[in-house]
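Student: Input: one structure, supplied below.
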Amino acid sequence: MTYRIRFTKQAEKDIHKLSPKLQAKLKDILRNRIAVSPHAGKPLVGELKGHYSARLSYQDRIVYTIREDELVVMVIRARTHYGD
């Protein structure tokens, strides 16, 4: 069973700021890892409890939630959480 991937407006902005190489890597991770097994990401704690994270690069992370009832992964952020 494969989940559909959706993006928030903020995630879309983040993606446009990534280098072409990181955009390609993001696409690969979303298609081959997160869409297939979304719970494989790292569960987050604190104010992001209920969200998951997957590493995109040393600094950048993909932050997402899973909507089980709709089989949708909603990408919240796709860039660094360490500041610009």
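The numbers here are math on the coordinates, done by the rules we state, and not lab data. Being a predicted model, the structure only gives us computed values, none of them experimental. Note that each Cβ is placed from the backbone with ideal geometry, even for glycine, and that neighbours are counted across all protein chains shown.
Student: Determine, for Val72, Val63, the number of other Cβ atoms within 10 Å of each Cβ, and report the residues in order from fewest to most.
Tutor: Least crowded to most crowded, the residues run Val72, Val63.
Student: Check Thr8: other-chain or 5+ apart residues with amide H under 5 Å from its amide H, H built from backbone geometry?
Tutor: For Thr8, whose amide H was placed from the backbone, the distant partners under 5 Å are Val75.
Student: Right, another one. How do Asp60, Asp14, Asp69, Asp28 line up, fewest other C-beta atoms within 10 Å first?
Tutor: Asp69, Asp28, Asp60, Asp14
Student: Suppose R0 equals 30 Å; then what is the FRET efficiency for Val36 and Asp69 from their Cβ-Cβ distance, rounded to the nearest 0.05?
Tutor: Plugging the Cβ-Cβ distance into 1/(1 + (r/R0)^6) gives 0.95.
Student: Computed over the Cα atoms, what is the radius of gyration of the chain divided by 2.2 N^0.38 Å, N being its residue count?
Tutor: So the chain has a normalised radius of gyration of 1.00.
Student: Which of Leu44, Pro20, Ile5 sits closest to the plus end of the dipole of the chain, meaning its Cα is farthest towards the positive end, when Lys and Arg get +1 and Asp and Glu get -1 on the C-beta?
Tutor: In the chain, that residue is Pro20.
Student: Residue by residue through region 46-60, what is 3J(HN,Hα) from phi via Karplus (6.51 cos²θ - 1.76 cosθ + 1.60, θ = phi - 60°)? Round to whole Hz and write x for glycine and proline.
Tutor: x, 6, 9, 4, x, 9, 10, 10, 10, 6, 9, 8, 3, 9, 8
Student: In region 40-84, what GluC sites (Glu not before Pro) fall in a loop by DSSP, with at most 10 other Cβ atoms inside 10 Å?
Tutor: In loop regions of region 40-84 (DSSP not H, G, I, E or B), the sparsely surrounded GluC sites (Glu not before Pro) are Glu68.
Student: Does a label point 7 Å from the Cα of Lys13, set along Cα-to-beta-carbon, have any residues of region 29-72 with amide nitrogen under 19 Å, and which are they?
Tutor: Within reach of a label on Lys13, which here means backbone N under 19 Å from a point 7 Å along Cα→Cβ, region 29-72 contributes 60-65.
Student: Net charge near Val73: determine it from the other residues with C-beta under 12 Å of the C-beta of Val73, scoring Lys and Arg +1 and Asp and Glu -1.
Tutor: +3
Student: Further, regarding this structure: Step through the residues of region 68-76 one at a time and calculate ³J(HN,Hα) from phi using the Karplus curve (6.51 cos²θ - 1.76 cosθ + 1.60, θ = phi - 60°), rounding each to whole Hz and writing x for Gly and Pro.
Tutor: 4, 5, 9, 6, 10, 9, 9, 7, 8
Student: Enumerate by residue number the chymotrypsin sites (Phe, Trp or Tyr not before Pro) in the chain meeting two conditions: DSSP loop (anything except H, G, I, E, B), and at most 10 other Cβ atoms within 10 Å of the site's Cβ.
Tutor: Filter output for the chain: Tyr58, Tyr82.
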